[in-house]
Amino acid sequence: MSTIKIGDTVSVLDEPITGRVINIFSDKVTIDTEDGFDLTFFIREVVKIESGLLIIPSYEEVYENLQTKEDFKKKPKRPTIKPKERDIAPMEVDLHINKLVTSTRGMANHDIITLQLDTAKRQLDFAINKRIPKVVFIHGVGQGVLKEELEYFFGRYDNVKVSDADYKKYGLGAMEIYILQNPK
């Protein structure tokens, strides 16, 4: 490609603009257009015109310049469409003891509730780290001891909101935790 210098006549690649080079600075060139305006372009955006003939750059030069332009950069095939948060099924954690261990033989009530609370803590921390917005903890109806302990436990977190889970689906034996992603 021929080098461009002050005084050369150039044409802009993507615009119907032709003019005379009046300044060159680094990788930019300022031209005085035929309409009398001073415009600045990157050197790669202009081609030199010699005696009315356009000097055609090589294929490699055109390809190299096109790769730097935003319009020709590779785009993803399809934009990924995320479902709205309300449409995402919440993560479910069943805290019934028979779902956590195969046998409760030799376990005291204190051991059972401790295991259930540890499981709830582990799953809630996992959901927070993975930015999962909703978690349903299924605690069962029973005497309400686990439910009370869970409410106390979740109350210690600043970034969670506790509510009863969907009655139609879970009845009275579950609570839904909404994790605030950007707590203030």
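Here is a list: Ile88, Ile81, Ile97. Which entry is more than 25 Å from Phe137 (Cβ to Cβ) and either at pLDDT 85 or above or among the hydrophobic types (A, V, I, L, M, F, W, C) (or both)?
Ile81
What number of residues within the stretch 145-184 satisfy the criterion of being in a helix (DSSP H, G or I) and of a type in the set (A, V, I, L, M)?
Final tally of qualifying residues: 3.
Among all residue pairs at least 6 apart or on different chains, which show Cβ distances below 6 Å where the first residue, located in the stretch 98-116, is under 16 Å from Gly144 (Cα atoms) and the second is β-branched (Val, Ile, Thr) and surrounded by 10 or more Cβ atoms within 10 Å (Cβ to Cβ)?
Matching pairs, first to second residue: Ile112/Ile97.
Being farther than 16 Å from His96 by Cβ, touching a residue at least 60 places away in the same chain (Cβ under 8 Å) and surrounded by fewer than 18 Cβ atoms within 10 Å (Cβ to Cβ) is the requirement here; does Glu176 meet it?
Yes; evaluated as a whole, the condition is true for this residue.
Quick one: would you say Gln116 is at pLDDT 85 or above, under 21 Å from Met175 (Cβ atoms) and within 28 Å of the chain's Cα centre (by Cα)?
No: the conditions fail for Gln116.
The values are calculated or read from the model by the stated rules, or taken from the named source; none is laboratory data. Just so we're clear, the structure is a prediction, and the values are computed from it rather than from any experiment. FYI the Cβ positions are ideal-geometry reconstructions off the backbone, even for glycines, and counts take in every protein chain you see.
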